[in-house]
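The values are calculated or read from the model by the stated rules, or taken from the named source; none is laboratory data. This one's a predicted model, so the numbers in the text were calculated from it and none came from an experiment. When we count neighbours, we look across all protein chains shown, and the Cβ atoms used for this are built from the backbone with ideal geometry, even at glycine.
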Amino acid sequence: MSSVARLDLETPEERHFLSASEAAALERELLEDYRFGRQQLVELCGQASAMAVTKAFPLPSLSRKQKTVLVVCGPEQNGAVGLVCARHLRVFEYEPTIFYPTRPRGPLHQDLTTQCEKMDIPFLSYLPAEVQLINDAYTLVVDAVLGPGEGPAEAAGPCARALDTLKLLSIPLVSLDVPSGWDTETGGGGDGELRPDVLVSLVAPKRCAGRFSGRHHFVAGRFLPEEVRRKFALHLPGYAGTDCVAAL
């Protein structure tokens, strides 16, 4: 039986979440075959991530103090998505602050950092040691520290300390693509690991998303070509209206 025929026989309930190797293959296909640029993908995912935040924490229900969002960015691609997310949150009239302890020297991260600075988004030089100060200052935190395939070794020094702090917070946590520190295949969520309230799966959910037990799970992949969805057996919910995210 051909792969296309097999896909046609699957039901929407039989959703396929991507392994680490499949996620890497899908990204390569977008970059190489469909000629998406990396910055373009980061921009699409970051804007959709900000939209997911607005759906989980709608602005009309928030006071001015409750509009404050702390975005914690790592040094790799997930951190770049976090920078874009922060910029769009500012456009959506939230009040983001960025903690970005390890800044790469590549043009992508530098350009995105400059864009945030030009929009007067503040950058923290350190996270307060007193966790309650963060709980009091912000309504929620966006975790954009580690992406798929990035383990604790990629979060040395200040990034590792930031993750230790995120584990202690009592305010809601929104993780982008995978909760930082989770294994892309097997997940996490046990003692000593992040337990986000909201997960935003970028492009398509990874296998670890099957272990997510928070309040909201969104997928941000409306731009994904239909042929690619079929090739990777991605039976995902439809996107309403002009939304660029959908609830799972």
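Condition check ((1) at pLDDT below 95; (2) over 25 Å from Arg207 (Cβ atoms); (3) part of a loop (DSSP other than H, G, I, E, B)) across all residues:
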| position | (1), (2), (3) |
| --- | --- |
| Thr11 | yes, no, yes |
| Ala48 | no, no, no |
| Ser63 | yes, yes, yes |
| Leu70 | no, yes, no |
| Ala80 | no, no, no |
| Arg90 | no, yes, no |
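What pairs come up if the first residue lies in region 73-102 and is under 13 Å from Glu150 (Cβ atoms), the second is surrounded by 24 or more Cβ atoms within 10 Å (Cβ to Cβ) and among the charged types (D, E, K, R), and their beta carbons are under 8 Å apart, counting only those six or more places apart or on different chains?
If the second residue must be surrounded by 24 or more Cβ atoms within 10 Å (Cβ to Cβ) and among the charged types (D, E, K, R), the pairs left are Asn78/Asp177; Val81/Asp177.
Exactly one of (1) touching a helix residue (DSSP H, G or I) at 6+ places or on another chain (Cβ under 6 Å); (2) closer than 21 Å to Ala220 by Cβ; (3) modelled with pLDDT under 95; (4) not acidic (Asp, Glu) is unmet by Pro58. Its number?
Of the numbered conditions (1) touching a helix residue (DSSP H, G or I) at 6+ places or on another chain (Cβ under 6 Å); (2) closer than 21 Å to Ala220 by Cβ; (3) modelled with pLDDT under 95; (4) not acidic (Asp, Glu), the odd one out for Pro58 is (1).
Limited to region 210-224, what total is found for residues that are among the small types (Gly, Ala, Ser) and in a strand (DSSP E or B)?
Qualifying residue count, region 210-224: 1.
State all residues of region 103-143 that are over 13 Å from Ala86 (Cβ atoms), free of Cβ contacts under 8 Å to residues at least 40 places away in the same chain, of a type in the set (S, T, N, Q) and surrounded by 14 or more Cβ atoms within 10 Å (Cβ to Cβ); if no residue qualifies, say none.
Within region 103-143, Asn135 is the sole residue that qualifies.
Go through (1) modelled with pLDDT under 95; (2) at positive phi and name the single condition Tyr100 misses.
All conditions are met except number (2).
Starting from region 229-248, take each residue that is more than 14 Å from Leu18 (Cβ to Cβ) and free of Cβ contacts under 8 Å to residues at least 40 places away in the same chain and list its partners that are outside any loop (DSSP other than H, G, I, E, B) and not small (Gly, Ala, Ser), counting only C-beta distances under 7 angstrom and pairs at least six apart or across chains.
Short answer, once both residue conditions are applied: Ala246/Phe218; Ala246/Val219.
What number of residues within region 18-46 satisfy the criterion of being surrounded by fewer than 16 Cβ atoms within 10 Å (Cβ to Cβ), in contact with a helix residue (DSSP H, G or I) (Cβ under 8 Å, 6 or more places away or on another chain), more than 19 Å from Gly82 (Cα to Cα) and modelled with pLDDT of 95 or more?
Going through region 18-46 one residue at a time, the tally reaches 2.
Any residue in region 180-200 that is within 19 Å of Phe17 (Cα to Cα) sitting within a Cβ distance under 6 Å of a residue that is exposed (fewer than 15 other Cβ atoms within 10 Å of the Cβ) and modelled with pLDDT of 95 or more? List the pairs, counting only those 6 or more apart or interchain.
Pairs found: none.
What number of residues in region 211-244 are surrounded by fewer than 14 Cβ atoms within 10 Å (Cβ to Cβ) and not aliphatic (A, V, I, L, M)?
The total comes to 9.
Of the residues that make up region 225-235, is at least one within 19 Å of Phe36 (Cβ to Cβ), of a type in the set (A, V, I, L, M) and assigned to a helix (DSSP H, G or I)?
Yes: one or more hits.
Just checking: which of the strands (runs of 3 or more DSSP E) contained wholly in region 109-205 hold 1 or more residues that are aromatic (Phe, Trp, Tyr)?
Correct list: empty, since no element meets the threshold.
Say we look at region 118-150 and pick out the residues that are under 30 Å from Ala204 (Cβ atoms) and out of contact with any Gly (no Cβ under 9 Å at 6 or more places or on another chain); which of these is modelled with the lowest pLDDT?
Here the answer is Gly149.
Take the conditions at positive phi and in contact with a Lys or Arg (Cβ under 9 Å, 6 or more places away or on another chain) and apply them to Asp197. Does it pass?
So Asp197 does not fit the description; no.
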